[in-house]
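The structure appears below as structure tokens.
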Amino acid sequence: MGAGEVTPDIKVKTASYNVWSQGGRAGADEKYTWSKAGPAVIECILNADADIVSLQEVNSSSAGLHSGLDSYAWVIYTKDGTKTTLIGDLDSQSPVILYKSSMFSLQSSGWIDLGEDATKPYWAVYAQLRHRSSGKDLWVFSTHLNNEQDSALQTSQVSTLLSNAESLVPEGTASVIMGDLNIFPIDNSGNAIANYATLTGSRWNDAYDTVSAREGNYVAKGLASGTMHNTSTGGLTSVRTDHILVSDAAILSYGVDRSKYENTDGTAIWPSDHFLIYSSIGM
């Protein structure tokens, strides 16, 4: 069943945000250091008021992130697949899932090993969430893939992620794959990149593609679709590496939060080098 073939009874807002790990902030302009920008990251996430949030690049140095988002329940796994309740146990650039426990109950969760490059491991976490009032299930996957878009590792990661998701999620049950996938829709010549085509050729549909095509304002590449900015120049980029992919649910809306938030110095900044993206789905 495709994303547009579901008559929605329930509306769920999802969001995905690469919060730019402490290690990634090394050497950045001082206003972006985690001690100054961390509260702005939290404010951005709270402002989205999403029911389910996928975060990437969370680690033990992300001070205050856990306590600042304590209105959510968290699904956290370490790089070796150990389930934990504390981001203090994370020593790598981790994906996590947050959800509103008032709306969903956790039925199951797990960890998918996606391999590693010369510097770090990669993995996905997933959660089977049950909507409390309707009893419907929604499966959520959060991940961060290798940043070499044409690498053999990333090809393997896409295959592993999809094969696990297809095995776990029953046909006809709503699911969302979110994260910094480091996969670009098209190359510089306007051709679809193989890994993106593999993802969107599966059961999952890109929320941006779906909404843009439906509303008649599709932009395959450009500043209007970018999900990152340049921390050196402060300018927007056309890079779209952050994705929300949906299966067996209606994609109702899509957006990118390019608002600026104040750091502890009172300076208005984009808190991360990525923007938070969000999508409302009906299931």
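The values are calculated or read from the model by the stated rules, or taken from the named source; none is laboratory data. Computed from a predicted structure; not experimentally measured. A quick note on method: Cβ atoms are made from the backbone with ideal geometry, for glycine too, and the neighbour counts reach across all protein chains shown. Accessible surface areas use protein heavy atoms only, side chains included; no ligands, DNA or RNA. Shrake-Rupley method; radii C 1.70, N 1.55, O 1.52, S 1.80 Å.
3J(HN,Hα) along the stretch 167-181: 6, 6, 8, x, 4, x, 9, 5, 8, 9, 10, 10, x, 7, 7 Hz, from the Karplus curve 6.51 cos²θ - 1.76 cosθ + 1.60 with θ = phi - 60°, whole Hz, x for Gly and Pro.
Within straight-line reach of K260, meaning a Cα separation under 13 Å, sit the following aspartates and glutamates at least 8 residues removed in sequence or on another chain: E43, D273. Taken over the stretch 152-283, the convex hull of the Cα atoms encloses 138 Å³ per residue. In order along the stretch 265-273, phi translates into HN-Hα couplings of 7, x, 8, 6, 9, 7, x, 10, 6 Hz, rounded to whole numbers, per the Karplus curve 6.51 cos²θ - 1.76 cosθ + 1.60 with θ = phi - 60° and x for Gly and Pro.
Spread over its residues, the convex hull of the C-alpha atoms of the stretch 133-175 is 74 Å³ per residue. Taking the chain as a Gaussian network of alpha-carbon nodes connected by springs under 10 Å, the highest mean-square fluctuation of the residues D273, D80, D206 belongs to D80.
The convex hull built on the alpha-carbon positions of the stretch 217-283 has an orientation-averaged projected area of 5.7 nm². Across the stretch 101-109, rounded Karplus estimates of 3J(HN,Hα) from the backbone phi angles (6.51 cos²θ - 1.76 cosθ + 1.60, θ = phi - 60°) give 5, 6, 9, 10, 10, 7, 8, 6, 7 Hz, Gly and Pro being marked x.
Set the Förster radius R0 to 45 Å, insert the Cβ-Cβ distance between T155 and D265 as r into 1/(1 + (r/R0)^6), and round the FRET efficiency to 0.05.
Working: r = 43 Å, r/R0 = 0.95.
FRET efficiency, T155 to D265: 0.55.
In plain terms, the chain from E148 to I193 could stretch by 15.0 nm, reckoned as 0.36 nm per residue minus the Cα-Cα distance.
Largest first, the residues S247, S133 sort by 1.4 Å accessible area into S133, S247.
Between S253 and S280, the built amide H atoms are under 5 Å apart, and every one of these is 5 or more places off in sequence or on another chain. Normalised by 2.2 N^0.38 Å, where N is the number of residues, the C-alpha radius of gyration of the stretch 1-120 stands at 1.16. What you get for the stretch 216-273, charging only the Cβ of Lys and Arg (+1) and of Asp and Glu (-1), is a dipole of about 260 debye around the Cα centre.
By the rule of a C-alpha distance below 22 Å, with chain neighbours fewer than 8 residues away ignored, the lysines paired with K79 are K120.
How much of the pair distance distribution for the stretch 49-151 lies past 17 Å, counting alpha-carbon pairs only, in percent?
Details: 2682 of 5253 pairs.
Here the tail beyond 17 Å accounts for 51 percent of pairs.
For the stretch 94-211, what is the Kirkwood estimate of the hydrodynamic radius, computed as the reciprocal of the mean inverse distance between distinct Cα atoms, to one decimal in Å? Show your work: numbers first, answer last.
Details: mean 1/r = 0.0658 Å⁻¹.
When all Cα pairs of the stretch 94-211 are included, the Kirkwood radius is 15.2 Å.
Between N217, N195, N263, the GNM of the chain built on Cα springs shorter than 10 angstrom shows N217 fluctuating the most.
Across A249, A197, A124, mean-square fluctuation computed from a Gaussian network of the chain (C-alpha pairs under 10 Å connected) peaks at A197.
Report D for the stretch 187-258 in µm² per second (integer): Stokes-Einstein, Kirkwood Rh on Cα pairs, 37 °C, 0.692 mPa s. Before the final figure, lay out the partial values.
Numbers: Rh = 13.3 Å.
Estimated diffusion coefficient is 246 µm²/s.
Restricting to bridges with both residues inside the stretch 139-264, how much of the DSSP beta-bridge set is antiparallel, in percent to the nearest 5? Display every interim value, and only then the final one.
Numbers: 10 of 16 bridges.
DSSP beta bridges in the stretch 139-264 are roughly 60 percent antiparallel.
Per-residue accessible area (protein heavy atoms, 1.4 Å probe) orders K79, K120 as K79, K120, starting from the largest.
Remark on I186: its backbone amide H falls under 5 Å from those of I193, a criterion applied only to residues 5 or more positions apart or on other chains, H modelled at 1.01 Å from N. Placing a label point 7 Å from the Cα of S35 along the Cα-to-Cβ line, the residues of the stretch 58-92 whose backbone N sits under 20 Å from it are 59-68, 88.
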